[in-house]
Structures are given as structure tokens and as C-alpha cells.
1. Mind listing whichever residues of the range 65-115 are of a type in the set (D, E, K, R) and buried (at least 16 other Cβ atoms within 10 Å of the Cβ)?
2. Filter the range 54-78 down to residues that are without any contact (Cβ under 8 Å) to a residue 12 or more places away in the chain and under 30 Å from A7 (Cβ atoms), then give me how many there are.
3. If T16 satisfies all but one of (1) free of Cβ contacts under 8 Å to residues at least 12 places away in the same chain; (2) open to solvent by 60 Å² or more (accessible area, probe 1.4 Å); (3) of a type in the set (V, I, T), what's the number of the condition it fails?
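The values are calculated or read from the model by the stated rules, or taken from the named source; none is laboratory data. What you see is a predicted model; the values in this text were computed from it and never measured. Backbone-built Cβ (ideal geometry, glycine too); neighbour counts: all protein chains shown. Only protein heavy atoms, including side chains, enter the accessible area calculation; ligands, DNA and RNA are left aside. Shrake-Rupley method; radii C 1.70, N 1.55, O 1.52, S 1.80 Å.
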Amino acid sequence: MNHLIEAFEKSQVADTNFPTVGVGDTVIVHKEISEGKKTRIQRFQGLIIKQTGAYSRKSITLRKIVDGIGVEKSFILASPLVKNIEVVSKGQPRRARLHYLRDRKGKAALRVKKLGN
């Protein structure tokens with residue numbers, strides 16, 4: 001029965017050409033925001049601290065520091081509101097979830113070993 005659910009979820013995923021991203025990567029997510037009759041694209045740059053789900057339920061949580069305060073935002077990748085994802089840098093963490101970064105301050109709050117170093 002699981003293969004039926006999996007096949008249905010695969011069919012629900014739109015054909016998105018997003019790059020392969022993982023935990024520890026710094027990315028920019030372009031999301032469409034509607035304000036009244038106007039729509040615009042909002043960019044959110046942050047470090048991926050969590051990745052959950054698969055196929056149409058796949059989501060990522062990004063974290064960044066704004067004026068010394070940590071801000072986290074979750075995005076469902078199959079959503080039609082997510083227009084594009086740009087990879088700024090690839091990271092090589094030693095954990096699947098980077099929740100320990102919430103306790104850090106300053107530059108250390110977003111420090112993850114970069115790929116290739």
C-alpha cells in the first residue's frame with residue numbers, strides 16, 4: 001500500500017528545476033508574496049538547518065540573523081509560491097539537524113564547515 005501512496009505523491013510534485021540542496025547549505029529562496037492586488041518576489045537568504053518529508057511534502061527550514069535576532073522560516077518546496085532556489089554555498093555538517101545553532105551568538109551562529117575544506 002505504501003507504494004501506491006508514494007506513486008500518488010510523485011505525481012503531485014510539479015516539475016521544478018530546483019538544485020539539490022541539503023542541510024548546511026546557504027541558499028536564497030525566491031517566494032511570491034501577494035499584498036492586496038499586487039504580487040512581488042521576496043528573497044530570503046539563510047542556512048538550511050532542517051530538511052523533512054519527501055516528494056510533495058518536502059520542506060526546508062532556513063535560519064538567518066537579523067539585527068542580532070535569529071529568524072527561521074520554513075518553505076514547502078512543492079508549493080507554487082516558491083519560484084526559485086539559488087545555492088550560495090555548500091556546507092558539510094556532521095549532523096542531520098542543526099538546531100544547536102540556535103544557542104550560538106554572532107558569527108558562530110551560522111558557521112558550518114564548507115564543502116571542500
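1. Selection gives K90 alone.
2. 0
3. Among (1) free of Cβ contacts under 8 Å to residues at least 12 places away in the same chain; (2) open to solvent by 60 Å² or more (accessible area, probe 1.4 Å); (3) of a type in the set (V, I, T), the lone unmet condition for T16 is (1).
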